[in-house]
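These notes concern the structure reproduced below.
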Amino acid sequence: MSHSRMLKGCLVVSPTVAEIDVAAFAHNVRSVRACLSSSCDLMAVVKADAYGHGAVTLAPVALREGAAWLAVARCQEGMSLRHHGIDAPILVLGAVYPEEIVSLLAYRLTPVVSSSDEVHWLEREAGRLGVCPAIHVKIDTGMGRLGVMPDQVRQLLDCLDGCSHLFVEGLMTHLATADSADAQTVRLQLNRFCHVVQTCTEHGCTPRYVHAANSAALYRYPESHGTLVRVGLALYGSQPFDVPAATALQPVLTWKTRLGRIQEVPAGVGISYGHTFMTSRASRIGTLSVGYADGLCRKLSNTGEVLVQGQRAPLVGQITMDMCMIDLTDISSARVGDEVVLIGLQGSERLTADEMAWRCGCIPYEVFCAMGPRVSRHYIS
C-alpha cells in the first residue's frame with residue numbers, strides 16, 4: 001500500500017470530547033422565553049463561541065426556538081456568524097474601534113456606543129457609505145466598564161442630535177451584582193437607569209429596546225426585563241443563581257475522556273510534578289489524556305473529582321499540560337478504555353460545571369470558555 005493511500009485511510013478520534021446536547025439547549029431557550037412577557041424579546045448571548053459550546057451550531061437553534069437577537073463580544077464573532085448564513089440582528093457588546101467600523105457596517109452588526117467619540121466615528125463612516133445603522137447606547141450605572149456616565153447623557157444626546165446617519169434603537173446597562181446577595185446595588189443601578197430613560201424620553205429619544213437583565217436578573221429581578229433581556233449562561237444549563245424557576249434548565253455540556261493507563265503502585269510513591277500527592281497505600285493510579293492545555297484547571301489538582309463507572313474518583317497529583325492522574329484504588333473494576341466524565345452524568349452521579357468552578361475558585365463561565373480546541377465538540381440531539 002502506498003504512503004498516500006495509508007494517509008487517506010487514517011482516522012484520528014480524540015479521546016477527550018465535549019458532547020453538546022442540542023435538544024437541551026433548545027429546551028433552555030424555550031424555558032427562558034417562557035419567563036418573559038409578550039412585549040419582551042430574548043437576546044441569546046453567543047459570544048466566546050457560545051461559551052465554548054459552538055456558536056455556529058447553536059445560534060440558529062436559539063433563533064428557531066424564540067430568540068429575536070444574538071449577542072457577541074467582538075466584531076469578528078459577528079462576522080463569523082454572518083459568513084455562516086445567519087441573518088438575524090447581532091449586537092456587538094464590546095467597545096467600538098475605529099478600524100472595525102467599516103466591517104461593523106458592512107456586516108450589518110449593531111454596535112454598542114459608550115462615548116461621543118464613538119458616535120462621531122460611526123456617523124462619519126456611515127455618511128461616507130450612505131447607510132443609516134442602528135446603535136444601542138450603553139449607560140454605566142455602576143459596572144465601571146463600558147458606558148456613558150449618567151451625568152453625561154444629555155451631552156451625548158446633543159451629539160446624537162447632530163447625526164443624520166445614526167438612529168438609537170436601544171438603551172442599555174449592565175448589572176454588576178445580579179447574581180450575588182447584593183440586591184441594594186442592583187436596585188440602585190436600576191433606579192439610575194430609569195432616570196436616564198426618563199431623561200432620554202424628555203429629550204425625544206424613545207428607543208425600541210430598553211434592556212438591563214442578564215441571566216441572573218432574568219430570574220431574580222423581573223422589574224429589570226424592559227423590552228429585551230440578554231441571556232447567556234442560563235441557555236447553557238448552568239444555574240449558579242438559587243431560584244426555583246432556574247431548576248427547569250438542563251445541562252447542555254458533557255465533557256468526557258477515556259482511561260489511557262492504569263498503574264499499580266505501592267504506598268509511598270509520589271505522583272506527578274513536585275510529588276504533591278504521595279500514595280498512602282497500595283494504589284491503582286489511572287492516567288487521562290486531558291490537561292490544562294485542554295482547559296482542565298490546575299487548581300483541581302488534588303481537589304477535583306471525575307466519574308468512572310458511575311463513581312467519583314479523585315484527581316491526584318499536579319494536573320499537567322496534556323495529562324492528569326486519578327486514584328482508582330476503590331474502583332477495582334475500572335479498565336483501560338473506560339469512559340471518564342469530567343462534567344456530566346454517569347450512572348446516577350453528576351458532576352456540574354458549577355461544582356468544578358467552585359472547586360477551582362472561579363465561575364462556570366470560565367470553566368466553559370477554558371475548554372481548548374483539542375477538545376472535540378460532538379453535537380447530539
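If you take the Cα centroid of the range 106-125 and the Cα centroid of the range 266-326, the two points sit 50 Å apart.
Using R0 = 56 Å, the C-beta based FRET efficiency linking residue 332 and residue 208 works out to 0.30. Label positions at residue 117 and residue 381, each projected 7 Å from the Cα along the C-beta direction, are separated by 4.8 nm. Over all other residues within a Cβ to Cβ distance under 14 Å of residue 234, the charged ones net out to 0, with Lys and Arg as +1 and Asp and Glu as -1. Using the Cβ-Cβ distance between residue 124 and residue 245 with R0 set to 41 Å, the FRET efficiency works out to roughly 0.35. By the rule of a C-alpha distance below 12 Å, with chain neighbours fewer than 8 residues away ignored, the aspartates and glutamates paired with residue 138 are 118, 169. Averaging the sequence gap over all C-alpha pairs within less than 8 Å and six or more residues apart, then dividing by the number of residues, gives the range 35-248 a relative contact order of 18 percent.
Bridge orientation summary for the chain: considering DSSP beta bridges with both residues in this region, about 50 percent are antiparallel.
Distance between the C-alpha centres of the range 152-196 and the range 15-83: 24 Å, rounded to the whole angstrom.
In plain terms, the chain from residue 131 to residue 143 could stretch by 1.1 nm, reckoned as 0.36 nm per residue minus the Cα-Cα distance. Listed from fewest to most Cβ neighbours within 10 Å, the set 139, 271 follows the order 271, 139.
Estimated at 0.36 nm per residue, the fully extended path between residue 339 and residue 223 surpasses their Cα-Cα distance by 37.2 nm. The shape of the range 35-248 comes out oblate: with a ≥ b ≥ c from the C-alpha gyration tensor, a/c is at least 1.5 while a/b does not beat b/c. For the range 253-380, taking Cα atoms only, Rg and Dmax work out to 13.8, 44 Å respectively. Considering only Cα atoms, the convex hull volume of the chain works out to 182 Å³ per residue.
Label-to-label distance, residue 182 versus residue 282, with points set 7 angstrom from Cα along the beta-carbon direction: 5.5 nm.
Each value in this text was obtained by applying a stated rule to the coordinates, not by laboratory testing. Given the structure is predicted, the values throughout are model-derived calculations rather than measurements. Cβ: placed from backbone, ideal geometry, glycine included. Neighbour counts: every protein chain shown.
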